[in-house]
Each structure stands twice: as C-alpha cells, then as structure tokens.
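J.: One structure coming up, written as structure tokens, with questions to follow.
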C-alpha cells in the first residue's frame, strides 16, 4: 500500500525494544525513550504512519523529533507536477544516503577487511574498481558528445579530460602483485555487473542528462566516507600483506577532492530550471539502476571465490581455447571444445555449436511472472536492429541487418514499456552497444531470442519469424572467421549469456516510485 | 504547508496551515554531506532526555569514478 505524503517512508524501520524505541533510516539510528514515545499520542501516530509530520506539529513537543527525522530524509515528499533542480537535489540526498547504507552493508566488505575473502575475490574487487574507473571518462565523454545543455556539456567535456587517464595512473594494478601480465589485466573480461553498470551509465549519458548527473553525483559524493575508506584500505593492506598498496587510490581521492568533483556536480543542480515529475521519476530510476548494478558487483566478486591463494582471471577466449583452467569466464560444466576446430572458422557453425554447448543448454526455469519483461525485451531488440542497420556498411551486413530489422519489428510488441527486472535492461544495453559491429550484434540478438524462447510468440508469427531469422543467419553462413574474430565472438556470447542468466534468476524489481518508498 | 530557508546555515522555518510558524535557528548541517553531524544537530534540538543518535553505517572503499 502506498505511504501517504508527509508520513514516514516505508524504509524507515521502527523497533520497540524494552524501554527504547529505535528509528533507523539510511545511515542513522535514533533511539528514543519508550516512555516518552508512549506518552505522546502525536508521536505514536507519526511512528504508526497514521499521521503526517504536519499533523504531528500540532504537538509542540513533537517538533524537534520531526526536525531530526526531516534532516535524515525520513518523510515521503508531497508530489508535484514540476520540480526545480534544487528541489531534485534535496530530494536525492536522502535517497543517496540510503543507497550508501545498502551498499556498505554487503558482507563482502567485512570479509575483505578481515582477510576472510579469498585472494581471487580480492583480485576481482581490485579489477572491478579499475573497470569502473576506466568507464568514468568514457561515460562523461558520451554525455558531452550527445548532451544538449551548454553548461552541462562544458562540465562533462572537462570532466572527461580529467577522468580518462585515472584508470591508468591509479587503478591499473601492479601485475607482479597478481602474478599476471599487464595485458592480462587490461584484457580481463568485466564481471557481469561491471558490464551492466558501465553500459547502463553509457545509455543514461545518451538519453537522460539528469539521471547521468545524479549517478555521477552518487559516485563522487562517496568521498564523504574518505576517513572510513582510509581505515578500510589499511585493514585490507594488513590482512593481505600488501603494504601501501592503496596509496595511489588515496592519491586519486585527494585529486577528486581538490578538483571539486562532488561539489561541482552538486552545483550543476543549484538551479531554478524545472523538470517534470515524469522526468524526475525517470532520472531517479536510472540513478537507482546504477546503484543496483554497483551493489550487484559485490555479489559477482563474491562468486569469484576460490580456495587458498589460487587466482583464476576472467580472461577472454584466445585461440579458441575453451579450457576452464585457463579462464574463469567459462561456466561450470562447460563442454569440451569440438574436436574439429573448423567449427569456429564459420559464423553459422560457431553459433550452432555455442547454442548447444553443454553447461549453457541446460537453463533454469525462465520466467518469473512478476518480472515478465518479454514485451520490453522484444521491442528493445527491435530498436537495436535499426541502430545496427544504421552502422552497417558492407553489402552483406546491410542485407543481414535489414532482414533482422524486418523480422524483429514483426515480432515486437508495441509499447513494451520500461523493464521491471534490471537485468532485462542489462541484456538490452549489451545488445545495443554491440550495434556498432553488425556481425557481433547479429550473434547477440540471435542468442537473446534463442534464450528467450520463441514459444511465447503466437504460432503463426513464429513460423514466419523463424524462417526469416534463419534466412538472416543463413545469409552469413558463408562468412569465414579469423581465429581472433572467433575468439571475440565466443567471449561476447559468454558475456551476454551471463547477463541473460542473471535476468532469468534475479527477481528484485526496479522500484515503482523511489520518492515514496 | 510551506518550508522556507532564510539561510541554509542559520534558520529553518516551518509553517503548517493554521499553525504558528516554527523557527529553528543555528547551524543546520547537511547531514548527507557529513553524516556524523547528526550529533551537532541533536545538540540544537530539544529532544527528550535519553535520546541518542548514531551513524550505523561502517563505510569501506569510496565508490570509484
């Protein structure tokens, strides 16, 4: 049930325990004497969410508590038709704090702090941070190249130039520490959540300037935890015997502070320019998704657990070597590669082999009825087809992509809506980013459709569509691949399958109304 | 209801319909920029005896960008 404006948010936790009442929200906990709470009906109703803070003000003794809870952002704001950017900023602050609280509550942090996390988890976390840093300048540049606002475009042009080199200077890990080469680190295949985060922020930068600013602000404003961060780094250095390892990270934080990255982003929102309620909801949703993928990366890192000090990097496929001992990107139980290496020399045979490879063919039960994003996925895939066609240049690519666009449009469900499952969006973003390379895109869209199972499509449309699609792929059957191309395609399909698997197994939906929760 | 800020750092006025305006004066820190300032805020407010506040989040590495 929706919480009325002016009442305590759903996420505010109220706990009566003995002679105290604890109110927890975001980063804070307030403890009140239970006797006082029980003696004031106005306060009781406030905590029961049966009165608003304005109604509770009728009791002067409740004023201070209301002030304290307001400062933390505990109350649902009254909805408006439009908001100034300044109001957006003030509404975002408590959301940001609650997301920090959720982020830092993940058990991985304590495991790293204590040395309980395996060496492979530590490496995965370090490289994940390198990937997030590597994306920063790229995402800012995407915003600067496509943004329309003069002031914001100038800000992100400067931001891109300030950020792009930080991954190289501060986060590219010393290979000797990892017992790997520098090229291995650069080539490390990002964790699925790292990919999802990067690609979501790229798409947000393209089409939602406000969501992009809020996401960047969420990232940069975490310097408020610099002191805790320094303490954490010290603990990890001690736990893993890597003295002074994080000095460069600390240097980076100092640069961010000196250059005023967080305050600069906050100042972008210090304006009376207005946005509609719909634009605000969209921006908050995009910012939440960025936070969600960052938090999910902590799960992915934990999944990299190996015994002892073994390190198994997520290396891209090389020379069609599909040994699970060489790279962690291969799922458990992945079948031995075909005895005939020629399978990988042709596009069609590579795809056919991959689709049926053991370890990937056995899929969990697909649909969570509450998160059925099939219409959204189909309409999204159709949209990608036009972009892919827009990047096609050779005769074969133009015809292949055109056919695929025709087919996908024929099966798309109009008004697919926004995805409820974040990983549906991650899958779409992955396919979207592949559109600049038509063959890679065609493989991705084929895999997405095959994993989505055309069973849900009406019979009459499916038979035509399948014929159309197979014709489309058959058109490429004579496409010969070099060894490097085959490696790249196999790696890409494995990455997409990771995202599809998360779509099939995750059920946390995108919140319907972030201002009311 | 209206809420106005004469100065972000010195005064907060809350007006509820039909009620006298309530003014809080003093440094009003933005908690979200410095979570530990909740203690400073508590000092400004007249809360019942026995009230406590604390930051319950133990942060770790800052979010990289």
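The values are calculated or read from the model by the stated rules, or taken from the named source; none is laboratory data. Since the structure is predicted, the reported quantities are computational estimates derived from the model, not experimental observations. Note that each Cβ is placed from the backbone with ideal geometry, even for glycine, and that neighbours are counted across all protein chains shown.
J.: Collect the residues in segment A:385-400 that are more than 32 Å from the chain's Cα centre (by Cα) and exposed (fewer than 13 other Cβ atoms within 10 Å of the Cβ), keeping them in residue-number order.
T.: Scanning segment A:385-400 gives A:394, A:395.
J.: Moving on to the next point. For the structure I just gave you, tell me whether residue A:142 is within 11 Å of chain B (Cβ to nearest Cβ), more than 21 Å from residue B:62 (Cα to Cα), assigned to a helix (DSSP H, G or I) and touching a residue at least 12 places away in the same chain (Cβ under 8 Å).
T.: Considered against the rule, which asks whether it is within 11 Å of chain B (Cβ to nearest Cβ), more than 21 Å from residue B:62 (Cα to Cα), assigned to a helix (DSSP H, G or I) and touching a residue at least 12 places away in the same chain (Cβ under 8 Å), residue A:142 comes out as no.
J.: Within segment A:1-17, count every residue that is at pLDDT 95 or above and out of contact with any strand residue (DSSP E or B) (no Cβ under 9 Å at 6 or more places or on another chain).
T.: Result for segment A:1-17: 0.
J.: Considering A:280, A:265, which residue is touching a residue at least 40 places away in the same chain (Cβ under 8 Å), more than 27 Å from residue A:187 (Cα to Cα), surrounded by 22 or more Cβ atoms within 10 Å (Cβ to Cβ) and within 14 Å of chain B (Cβ to nearest Cβ)?
T.: Checking each option against the conditions leaves just A:265.
J.: So, in segment A:214-232, exactly how many residues are without any contact (Cβ under 8 Å) to a residue 40 or more places away in the chain, facing chain B (nearest Cβ under 7 Å) and within 14 Å of residue A:249 (Cα to Cα)?
T.: 4
J.: Out of A:496, A:481, which single residue is on the phi < 0 side of the Ramachandran plot and modelled with pLDDT of 95 or more?
T.: After applying the criteria, what remains is A:496.
J.: Counting just the residues of segment A:232-246 that are over 26 Å from residue A:139 (Cβ atoms) and in contact with a helix residue (DSSP H, G or I) (Cβ under 9 Å, 6 or more places away or on another chain), which one comes out surrounded by the most Cβ atoms within 10 Å (Cβ to Cβ)?
T.: Filtering first and then ranking leaves A:236.
J.: Could you pull out the residue among A:258, A:196, A:239 that is without any contact (Cβ under 8 Å) to a residue 40 or more places away in the chain and more than 9 Å from chain B (Cβ to nearest Cβ)?
T.: Result: A:258 is the single residue among A:258, A:196, A:239 that is without any contact (Cβ under 8 Å) to a residue 40 or more places away in the chain and more than 9 Å from chain B (Cβ to nearest Cβ).
J.: Scanning segment A:14-39 for residues that are outside any strand (DSSP E or B), free of Cβ contacts under 8 Å to residues at least 40 places away in the same chain and crowded, with 17+ Cβ neighbours inside 10 Å, which turns out nearest to the other protein chains (Cβ to nearest Cβ)?
T.: A:36
J.: Have a look at A:191, A:112, A:95, A:178 and point out the one that is crowded, with 18+ Cβ neighbours inside 10 Å and closer than 16 Å to residue A:265 by Cβ.
T.: The unique qualifying residue is A:95.
J.: Does segment A:43-58 include one or more residues that are in a loop (DSSP other than H, G, I, E, B), at pLDDT below 95 and either touching a strand residue (DSSP E or B) at 6+ places or on another chain (Cβ under 7 Å) or crowded, with 17+ Cβ neighbours inside 10 Å (or both)?
T.: Yes: segment A:43-58 contains one or more residues that are in a loop (DSSP other than H, G, I, E, B), at pLDDT below 95 and either touching a strand residue (DSSP E or B) at 6+ places or on another chain (Cβ under 7 Å) or crowded, with 17+ Cβ neighbours inside 10 Å (or both).
J.: Only one of A:421, A:371 is more than 20 Å from residue A:346 (Cα to Cα) and at pLDDT 90 or above. Can you tell me which?
T.: Of the residues listed, the single one that is more than 20 Å from residue A:346 (Cα to Cα) and at pLDDT 90 or above is A:421.
J.: Looking only at residues in segment A:67-86 that are assigned to a helix (DSSP H, G or I) and more than 8 Å from chain B (Cβ to nearest Cβ), which one is nearest to the chain's Cα centre (by Cα)?
T.: Among them, the one singled out is A:85.
J.: Quick check on residue A:141: is it at pLDDT 95 or above, more than 19 Å from the chain's Cα centre (by Cα) and either buried (at least 17 other Cβ atoms within 10 Å of the Cβ) or over 26 Å from residue A:488 (Cα atoms) (or both)?
T.: Considered against the rule, which asks whether it is at pLDDT 95 or above, more than 19 Å from the chain's Cα centre (by Cα) and either buried (at least 17 other Cβ atoms within 10 Å of the Cβ) or over 26 Å from residue A:488 (Cα atoms) (or both), residue A:141 comes out as no.
J.: Another question about this same structure. Please list, ordered by first then second residue, the pairs with beta carbon atoms under 8 Å, 6 or more apart or interchain, first in segment B:25-48 and at the interface with chain A (Cβ under 7 Å from one of its Cβ atoms), second at pLDDT 90 or above and surrounded by fewer than 17 Cβ atoms within 10 Å (Cβ to Cβ).
T.: So the pair list comes out as B:38/B:54.
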